[in-house]
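Here's the structure, in structure tokens; my notes come after.
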Amino acid sequence: MLTDDMQRVIREQKLGFLASVNDDGTPNLSPKATYIVLDDTTIAFVELRSPNTMRNIARNPAVELNFVDPFVRKGCRFRGRATAFMRNAEGFDALFARFGELGRLADAVRAVVRVDLEEAEALISPAYDRGASEQSLRQDWTRKFRDMQPGGRFDTEL
């Protein structure tokens, strides 16, 4: 299910967005930056400060994940079911060990959440439909991000 390219995007970008369902049926979108690929059908993240997400998962495990490489305007979308393993619960230690060195974040981890994937699909910008190449998009977006940095064109125009 997880192609090599999908795994690359998750590994390189780290920041992904998880949508869960609030008790009133509305979406709850939460950024996370601790994702890892466990295998070709499973992704996990550590929970640091997401009480709404954790409540939602406990009530309804249906989630959607999104990752995008902002430079090439490609990414992936996944649907699946989340299971939370709280610290000191069975299964936590084995999953937590898969994250390797978390440094100062390790003490803040309250749970590991495993997402068993049911669907996976590629996300591709419509720019490719108009003939853009990955190389040209990478160059354009690298320049735009550079311009947004302190001292960049957008910083000095104000």
Checklist outcome for this item: The residue that is surrounded by the fewest Cβ atoms within 10 Å (Cβ to Cβ), considering only those in the stretch 17-42 that are touching a helix residue (DSSP H, G or I) at 6+ places or on another chain (Cβ under 7 Å) and under 16 Å from Gly100 (Cα atoms), is Val37
Checklist entry - Which one is modelled with the highest pLDDT, of the residues in the stretch 75-87 that are surrounded by fewer than 17 Cβ atoms within 10 Å (Cβ to Cβ) and under 20 Å from Asp107 (Cβ atoms)? => result Met86
Item to check | Residue in the stretch 1-16 that is surrounded by the fewest Cβ atoms within 10 Å (Cβ to Cβ), counting only those that are outside any loop (DSSP other than H, G, I, E, B) and basic (Lys, Arg) | outcome: Arg11
Next on the checklist: Which numbered condition in (1) free of Cβ contacts under 8 Å to residues at least 60 places away in the same chain; (2) in contact with a Ser or Thr (Cβ under 9 Å, 6 or more places away or on another chain); (3) among the aliphatic types (A, V, I, L, M) is the only one that Val46 fails?
Outcome noted: (1)
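Residue-wise test of (1) closer than 21 Å to Met54 by Cα; (2) surrounded by 17 or more Cβ atoms within 10 Å (Cβ to Cβ); (3) modelled with pLDDT of 90 or more.
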| residue | (1), (2), (3) |
| --- | --- |
| Arg73 | no, yes, yes |
| Ala89 | yes, no, yes |
| Asp93 | yes, no, yes |
| Arg98 | yes, no, yes |
| Val112 | yes, yes, yes |
| Val115 | yes, yes, yes |
| Ile124 | no, no, yes |
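Can you report the number of residues in the stretch 90-110 which are of a type in the set (Lys, Arg), assigned to a loop (DSSP other than H, G, I, E, B) and over 14 Å from Ile36 (Cβ atoms)? I'd like the intermediate steps shown before the answer.
Of the stretch 90-110, the ones of a type in the set (Lys, Arg) are 98, 104, 110.
Next, from what is left, pick out any that are assigned to a loop (DSSP other than H, G, I, E, B): 98, 110.
Subset that is over 14 Å from Ile36 (Cβ atoms): 110.
Within the stretch 90-110, residues that are of a type in the set (Lys, Arg), assigned to a loop (DSSP other than H, G, I, E, B) and over 14 Å from Ile36 (Cβ atoms) number 1.
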Item to check | Residue count for the stretch 126-141, restricted to those that are out of contact with any helix residue (DSSP H, G or I) (no Cβ under 7 Å at 6 or more places or on another chain) and either part of a helix (DSSP H, G or I) or under 30 Å from Ala82 (Cα atoms) (or both) | outcome: 9
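The values are calculated or read from the model by the stated rules, or taken from the named source; none is laboratory data. Computed from a predicted model, the values in this text were never measured in an experiment. Quick reminder, even Gly has a Cβ in these numbers, built from the backbone with ideal geometry, and neighbours come from all protein chains shown.
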